[in-house]
Amino acid sequence: MSLTSQVRTILDKYESDTPGTKANLVRLMNTGKLAGTGKMVILPVDQGFEHGPARSFAANPPAYDPYYHFSLAIDAGLNAFAAPVGMLEAGASHFAGQIPLILKCNSSNSLATEKNQAVTGTVSDALRLGCSAIGFTIYPGSEYCFDQMNELRELAQEAKAAGLVVIVWSYPRGPMLDKKGETAIDICAYAAHMAAECGAHIIKVKPPTDVLSLPAAKAVYEQEKIDISTMAARVRHVVQSTFAGRRIVIFSGGEHESTDALLDTVRGIHDGGGFGSIIGRNTFQRPREEALALLSTITDIFKS
Amino acid sequence: MSLTSQVRTILDKYESDTPGTKANLVRLMNTGKLAGTGKMVILPVDQGFEHGPARSFAANPPAYDPYYHFSLAIDAGLNAFAAPVGMLEAGASHFAGQIPLILKCNSSNSLATEKNQAVTGTVSDALRLGCSAIGFTIYPGSEYCFDQMNELRELAQEAKAAGLVVIVWSYPRGPMLDKKGETAIDICAYAAHMAAECGAHIIKVKPPTDVLSLPAAKAVYEQEKIDISTMAARVRHVVQSTFAGRRIVIFSGGEHESTDALLDTVRGIHDGGGFGSIIGRNTFQRPREEALALLSTITDIFKS
Amino acid sequence: MSLTSQVRTILDKYESDTPGTKANLVRLMNTGKLAGTGKMVILPVDQGFEHGPARSFAANPPAYDPYYHFSLAIDAGLNAFAAPVGMLEAGASHFAGQIPLILKCNSSNSLATEKNQAVTGTVSDALRLGCSAIGFTIYPGSEYCFDQMNELRELAQEAKAAGLVVIVWSYPRGPMLDKKGETAIDICAYAAHMAAECGAHIIKVKPPTDVLSLPAAKAVYEQEKIDISTMAARVRHVVQSTFAGRRIVIFSGGEHESTDALLDTVRGIHDGGGFGSIIGRNTFQRPREEALALLSTITDIFKS
Amino acid sequence: MSLTSQVRTILDKYESDTPGTKANLVRLMNTGKLAGTGKMVILPVDQGFEHGPARSFAANPPAYDPYYHFSLAIDAGLNAFAAPVGMLEAGASHFAGQIPLILKCNSSNSLATEKNQAVTGTVSDALRLGCSAIGFTIYPGSEYCFDQMNELRELAQEAKAAGLVVIVWSYPRGPMLDKKGETAIDICAYAAHMAAECGAHIIKVKPPTDVLSLPAAKAVYEQEKIDISTMAARVRHVVQSTFAGRRIVIFSGGEHESTDALLDTVRGIHDGGGFGSIIGRNTFQRPREEALALLSTITDIFKS
Amino acid sequence: MSLTSQVRTILDKYESDTPGTKANLVRLMNTGKLAGTGKMVILPVDQGFEHGPARSFAANPPAYDPYYHFSLAIDAGLNAFAAPVGMLEAGASHFAGQIPLILKCNSSNSLATEKNQAVTGTVSDALRLGCSAIGFTIYPGSEYCFDQMNELRELAQEAKAAGLVVIVWSYPRGPMLDKKGETAIDICAYAAHMAAECGAHIIKVKPPTDVLSLPAAKAVYEQEKIDISTMAARVRHVVQSTFAGRRIVIFSGGEHESTDALLDTVRGIHDGGGFGSIIGRNTFQRPREEALALLSTITDIFKS
């Protein structure tokens, strides 16, 4: 199957990577309903780990079963499914080869006393489970950020040599940032840029708000009249901030939104040139048929 | 000997594991009075390490001798015997091949200044001692939890490659949890889920109470009307929380109970679909004949 | 994309393999025109190495260019493309993700003084080039066979841990075998069996003739009335000899045949339950359009 | 091309280094408009990482694209381009061999809670990306300085064995130093000396002011009548402090200066025998033509 | 300095290589009088090792001194200088950075009892000496060829990861080949192809004669009417045989020729699209001025 021009254009930007990493980038881009568009929608399921099983799955009990998520991602025609090592082990053999897998290598949890994460997966795990990518979270602004970047360096170097893709979840938090600051546009763009500087192939951030958090940044945004008035404008700025679009940047679905608000966000991501969405709770916490319908609407937006 | 359908059903859920790990799972399930039922009762003896020898063994002095425990587990028809490296070395040769062994790889002690554990056993130790599994404790909620999960990752990766079973003791504690919170049903289900996400094959938790500890979880339990009214209901919820029953979850005997209370708990575990019990002090702190009688009653419950 | 029953049936036979190896087996089976049928046609191009460039490519000069072969395999809708490290490096980046690649890790050549092969590729090479499998040739009957099996053992162990598929070219030759003996049915079945015993996931042999070479074998074939009268019967016997069909066995195209003879062989392979063909010179030594037409006919046979 | 006497003189001072490191020193000195002069102007672009993308690039939006910086450094005839691993990966293949690259191995950021840096690049990264040098920042005076020096030791040892050049950014900060103290002449000279003692081949410091910060140092400067009255005198003292000129010491451009002030500083560096400038924001935050003109003026000063 | 279209075109063919290897390819192509043309002339000096010092250097005694050769290659404006580890160590520091170096990693000698080579240099040596490439000789047709290819595999894998270029001297010899056969066009093309299949970036062969050595090949050359009538035609065929020109192939100067014959050969190489010459004895066995004049003539031919 030859590549579409959209996929070829994106692939060519990963000029320093091995053919193995490029092949896995193509796998991620050429799977599911968005195959060939250069856009991607990914299902991540680490909320059980992060928030506990009942808070994550009780609203839709079939979702307690890992098979449910593999199957949802496949049937919705998504590009990939991301989860920690235990959940992947529970289904990677049955669903082998049916959808690209992303091993989420570190995870936090709601009982933790520190704003940090445990590293629970390795590159060896990713290879034996047949994954196309590893995922890793950093918390810019946290007192553990340097440690996390150091861990990321080691995993990323090993992953790149083995032909895997490196996806970084860049979630700002920490003493300098209040809740509004964590999704402020200046912080979000900065978080995406830092992940790119660390050598990420794909970067996940939260949809940015029109808040400006750091005074030094605020001054620049105002002086340079950077448009942050709409989600599309903000996404465009985040894409620009990740090496002028040379790295794929995707956006999470966000918390507690109405479906309409979620779809508005997705439209903004698409209009602003974002490369896709990574949506967990917003899908698996509703009944399967509703989730499939929602994901169908979302992939349609990215195809338009 | 071909497998019973109960054992086959459980084994098939370990789809990503090597035949070596599967063979050791079968050894654990096909030993003793519960062979073939898919249920297990395990004797763990690390209380000497954790609480000191007199507190552990003075009530029944023959129990100072490691041979006593190997022999008790074998004669009671249990599925396995778990202990730290020193106690296993004291009897593993004499009792070689008579019962599956579990090397408890980390242990705490009552003199410790931190809520942490020392790693005293390795995968090499487990192999040279003829063990079927390694055991490892994590303390979700503790400030050492991330370090423990990192240690577990390294041991588990090595153990799986060597065909061993990985059993995780998941015991919540730490600044967010008071004594009641440590066995609250939301915390217990979360602890079991985290162990599963870390890639455990078998998970050990404490029998949960009907307390709800975390406010965010409490809201969900109430809203979703999750039944936590009986031990059986709570066990059913814990089993669901460990990948909808795709991982074996077993329960400790608990502290300071009367024998009747203990048996009620065991009946609740059985009725709720739990996979078994892991019972130490409640057996070896009473005379051998009483212990054998009690264990006979317990295995009978799980056979029923 | 969920699996067809044919692919699922085959995949389930690789029960001791990691999900990674299974995912790569699915990639091999779910690519191209034969996707989902459980059959495969592979283009191998190591004839330049084995027989020299002019003997391999002069009949169709565009074939001197490695891109030609990647492109031929893709456009013909084949399942995979196999070549030594140098030829893969020449196109693996441009064609990344477009077709599964097989790194042929050892190669002989026509100037060699020994019936042996040099190991020119490694598992690291396979991973950095994005391959799904490694390929390795053994010469049962040769004085180098034990060395080759030893080399295979090391590569296969590393490949399996990294989630790759191991394909063994099993080509009997050596002092006990004359030219006719090399393709005798008893020898061919034995060669396939030895590759299976060495742990190959996929085995390539030459189409067997109705010759019986070893006297001891001949006696058994005659006594047991093993049917070797037709290509289909012989292929059925080879499939049976590779663990009763538990391993994929595919057949080379053979030398100097007419196209009709080649297609007869392919029909025999299909009728006998063979899993596919691996065809090099018979395709790239004719003009591209003719090669595409021939490959279309061959894939149609396997689809029928 | 044989060496000029200026380059030969400098090179001979690196008498304990391998030919590989010397060859890379020559590459740094023999590239661009200053080739052969023994002077160097380097473009460093890690401000996106350190201060965020908008604060760094919004004033001149084409600078969001990594290609812009490679191209600016090449077209301005500079000696080298320095950046973190992600930015180098984004252009190192396209611009391969066109300008010496420096992998900035550690980076801080404006959200950090500690005056420290994450190590995001390695010697392996430097080799695979074709770099001539690694860059590393230490903060003398910070509570992390010993950790940083320890990290530097490990990287430097590996880099020297691989024939790379080690460049140390030595930026004093910490509890003993107020803002004025960070650029005081005694502190600056001391910082340069510490980097030299750590085994740096090239040292980058900030242009020193005529402030004397440490009382003990101040007494000596006054007693010994060390001339710190002009930038040239201060630069001369810094050069003297880095092993009497046996190590290349270069100076950053400084913050928020007017162009005239910047050029005065550069003239002072040149007059004082400094080896060059490393100038980031002062160039890429103005339009490309202006930046090229400014860099032309600067290289002319160093050529004079 | 931006790349010429000739260099860019060649570089783009090394699509699977790291930026480090690409940068060293550019260094080889952008040095000396032929910089930017995509052509190269290299001085190799391992004849002392291969034939003894007097046979190599007595005709021009200054050539006993390694400095002589570094200096000759630099002053003649060649692209690179190749030698074993000892000779490089004797001058690599003094001439650091003045010309790309190639570490010849294996060498034979005239006292040897086997047609083999000793491996005297490593990738670590190449890095500490500042080399851009490693060189390695294989003897296709020799009984040591498989061992040599195995050694090459290990060195090449390490060299590629470290960003070095791999140059293979492919010199057929052995029981199947008489003296005429060693330079026969079919053998030469085959030798070049095998080096390319082994993953060489640059391949060195001897100028081929119009002899056809292997009967099986001869038949093909005659049937396909492959033009081997002139040196240019034969070179064109060798270039075609190394992946249709996707790999740089260069030619040695040959033995015992007159200067005119040598220049005719060089003209044939140039006319046939060869990428350059690698000329040792023909230059350093004559007085320096004559050698410089000859090399000037040769580089002029490749520039024309």
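Each row is one residue, and each column tells you yes or no for (1) touching a Leu at 6+ places or on another chain (Cβ under 6 Å); (2) of a type outside the set (Gly, Ala, Ser); (3) over 20 Å from A:Glu197 (Cβ atoms).
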position: D:Asn109; (1), (2), (3): no, yes, no
position: D:Leu127; (1), (2), (3): no, yes, no
position: D:Gly135; (1), (2), (3): no, no, no
position: D:Asp147; (1), (2), (3): no, yes, yes
position: D:Gly163; (1), (2), (3): yes, no, yes
position: D:Trp169; (1), (2), (3): no, yes, no
position: D:Lys180; (1), (2), (3): no, yes, yes
position: D:Thr183; (1), (2), (3): no, yes, yes
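Scanning segment C:278-304 for residues that are part of a helix (DSSP H, G or I), without any contact (Cβ under 8 Å) to a residue 40 or more places away in the chain and touching a helix residue (DSSP H, G or I) at 6+ places or on another chain (Cβ under 8 Å) yields C:Asn282, C:Leu294, C:Thr297, C:Ile301. Is it the case that segment D:36-49 has a residue that's under 20 Å from the mean Cα position of the chain (by Cα), within 11 Å of another protein chain (Cβ to nearest Cβ), crowded, with 20+ Cβ neighbours inside 10 Å and not in a helix (DSSP H, G or I)? The answer is yes; a qualifying residue exists. Residue pairs whose Cβ atoms lie under 8 Å apart, separated by 6 or more positions or on different chains, with the first residue in segment B:132-159 and more than 14 Å from A:Asn106 (Cβ to Cβ) and the second part of a helix (DSSP H, G or I) and basic (Lys, Arg), are B:Ser132/B:Arg27. Residues that are acidic (Asp, Glu) number at least 3 in the following helices (runs of 4 or more DSSP H) confined to segment D:205-277: D:259-271. Is it the case that segment A:183-199 has a residue that's of a type in the set (D, E, K, R), more than 8 Å from chain D (Cβ to nearest Cβ) and touching a strand residue (DSSP E or B) at 6+ places or on another chain (Cβ under 8 Å)? No, that holds for no residue. Would you say C:His237 is touching an Asp or Glu at 6+ places or on another chain (Cβ under 9 Å), over 21 Å from C:Glu182 (Cβ atoms) and at pLDDT 95 or above? It is false that C:His237 is touching an Asp or Glu at 6+ places or on another chain (Cβ under 9 Å), over 21 Å from C:Glu182 (Cβ atoms) and at pLDDT 95 or above. In summary, B:Ile187 fulfils each of the numbered conditions (1) outside any loop (DSSP other than H, G, I, E, B); (2) surrounded by fewer than 24 Cβ atoms within 10 Å (Cβ to Cβ) with the single exception of condition (2).
Considering only residues in segment A:195-237 that are more than 25 Å from A:Ile278 (Cα to Cα) and among the basic types (Lys, Arg), the one that is surrounded by the fewest Cβ atoms within 10 Å (Cβ to Cβ) turns out to be A:Lys225. Residues that are more than 13 Å from chain D (Cβ to nearest Cβ) and of a type in the set (S, T, N, Q) were ranked within segment E:6-35; the one that is nearest to A:Thr21 (Cα to Cα) is E:Thr9.
Restricting segment E:175-184 to residues that are assigned to a helix (DSSP H, G or I) and in contact (Cβ under 8 Å) with a residue 12 or more places away in the chain, the residue that is farthest from C:Gly52 (Cα to Cα) is E:Lys180. The set of residues in segment E:117-154 being outside any strand (DSSP E or B), among the polar types (S, T, N, Q) and either surrounded by 18 or more Cβ atoms within 10 Å (Cβ to Cβ) or touching a Lys or Arg at 6+ places or on another chain (Cβ under 6 Å) (or both) consists of E:Gln117, E:Ser132, E:Ser142, E:Gln148. Output the residue which, of all residues in segment A:2-18 that are at pLDDT 95 or above and polar (S, T, N, Q), is farthest from D:Asp65 (Cα to Cα). Checking each candidate, the answer is A:Thr4.
Search segment E:77-105 for residues that are away from chain D (no Cβ under 13 Å) and within 13 Å of D:Ser2 (Cα to Cα) and pair each with any residue that is at pLDDT below 95 and surrounded by 24 or more Cβ atoms within 10 Å (Cβ to Cβ) when their beta-carbon atoms are under 8 Å apart and the residues are at least 6 apart or on different chains. Pairs that qualify, where the first residue is away from chain D (no Cβ under 13 Å) and within 13 Å of D:Ser2 (Cα to Cα) and the partner is at pLDDT below 95 and surrounded by 24 or more Cβ atoms within 10 Å (Cβ to Cβ): there are none. Remark: A:Gly274 falls outside the filter, which requires a residue to be in contact with a Lys or Arg (Cβ under 9 Å, 6 or more places away or on another chain) and at positive phi.
Against the numbered list (1) among the polar types (S, T, N, Q); (2) modelled with pLDDT under 95; (3) closer than 15 Å to B:Asp46 by Cα, B:Thr137 comes up short only at (2). With the condition kept exactly as written, say whether any residue in segment E:84-93 is aliphatic (A, V, I, L, M) and either more than 18 Å from the chain's Cα centre (by Cα) or surrounded by fewer than 17 Cβ atoms within 10 Å (Cβ to Cβ) (or both). For segment E:84-93, residues aliphatic (A, V, I, L, M) and either more than 18 Å from the chain's Cα centre (by Cα) or surrounded by fewer than 17 Cβ atoms within 10 Å (Cβ to Cβ) (or both): present. In segment B:200-216, the qualifying residues are those that are of a type in the set (A, V, I, L, M, F, W, C) and closer than 30 Å to B:Lys22 by Cβ, and the one that is nearest to the other protein chains (Cβ to nearest Cβ) is B:Ala200. Note on segment B:127-154: among residues that are in contact with a helix residue (DSSP H, G or I) (Cβ under 8 Å, 6 or more places away or on another chain) and more than 12 Å from chain A (Cβ to nearest Cβ), the one that is farthest from C:Ala161 (Cα to Cα) is B:Thr137. Looking at (1) charged (D, E, K, R); (2) at pLDDT 95 or above; (3) part of a loop (DSSP other than H, G, I, E, B), which is the one condition that is false for D:Lys160? The one condition D:Lys160 does not meet is (3).
Quick check on D:Asp65: is it within 13 Å of chain E (Cβ to nearest Cβ) and surrounded by fewer than 24 Cβ atoms within 10 Å (Cβ to Cβ)? Judged against the criteria, D:Asp65 is not a match.
Of all residues in segment A:196-215, those that are under 20 Å from D:Tyr64 (Cα atoms) have Cβ atoms under 9 Å from Cβ atoms of residues that are of a type in the set (Asp, Glu) and part of a loop (DSSP other than H, G, I, E, B), 6 or more apart or on another chain, in A:Glu197/D:Asp46; A:His201/A:Asp17.
Across segment B:155-177, the number of residues qualifying as surrounded by fewer than 23 Cβ atoms within 10 Å (Cβ to Cβ), within 9 Å of chain A (Cβ to nearest Cβ) and more than 26 Å from B:Val26 (Cβ to Cβ) comes to 4.
If E:Thr18 satisfies all but one of (1) touching a residue at least 12 places away in the same chain (Cβ under 8 Å); (2) surrounded by fewer than 24 Cβ atoms within 10 Å (Cβ to Cβ); (3) touching a helix residue (DSSP H, G or I) at 6+ places or on another chain (Cβ under 8 Å); (4) of a type in the set (Ser, Thr, Tyr), what's the number of the condition it fails? So E:Thr18 meets the others, but not (2).
Among residues belonging to segment D:262-304 that are surrounded by fewer than 17 Cβ atoms within 10 Å (Cβ to Cβ) and charged (D, E, K, R), point out the one that is farthest from D:Gln240 (Cα to Cα). Checking each candidate, the answer is D:Glu289. Search segment B:217-253 for residues being over 16 Å from B:Ala191 (Cα atoms) and of a type in the set (Gly, Ala, Ser), and hand back the single one that is nearest to the other protein chains (Cβ to nearest Cβ). Ranking the qualifying residues of segment B:217-253, first place goes to B:Ala219.
Confirm whether E:Leu3 is facing chain D (nearest Cβ under 10 Å), more than 27 Å from E:Ser108 (Cβ to Cβ) and part of a loop (DSSP other than H, G, I, E, B). Answer is yes for this residue.
The values are calculated or read from the model by the stated rules, or taken from the named source; none is laboratory data. Just so it is clear, the model here is predicted, and its values are computed rather than measured. Every residue, glycine as well, gets a Cβ built from its backbone with ideal geometry; the counts of neighbours run over all protein chains shown.
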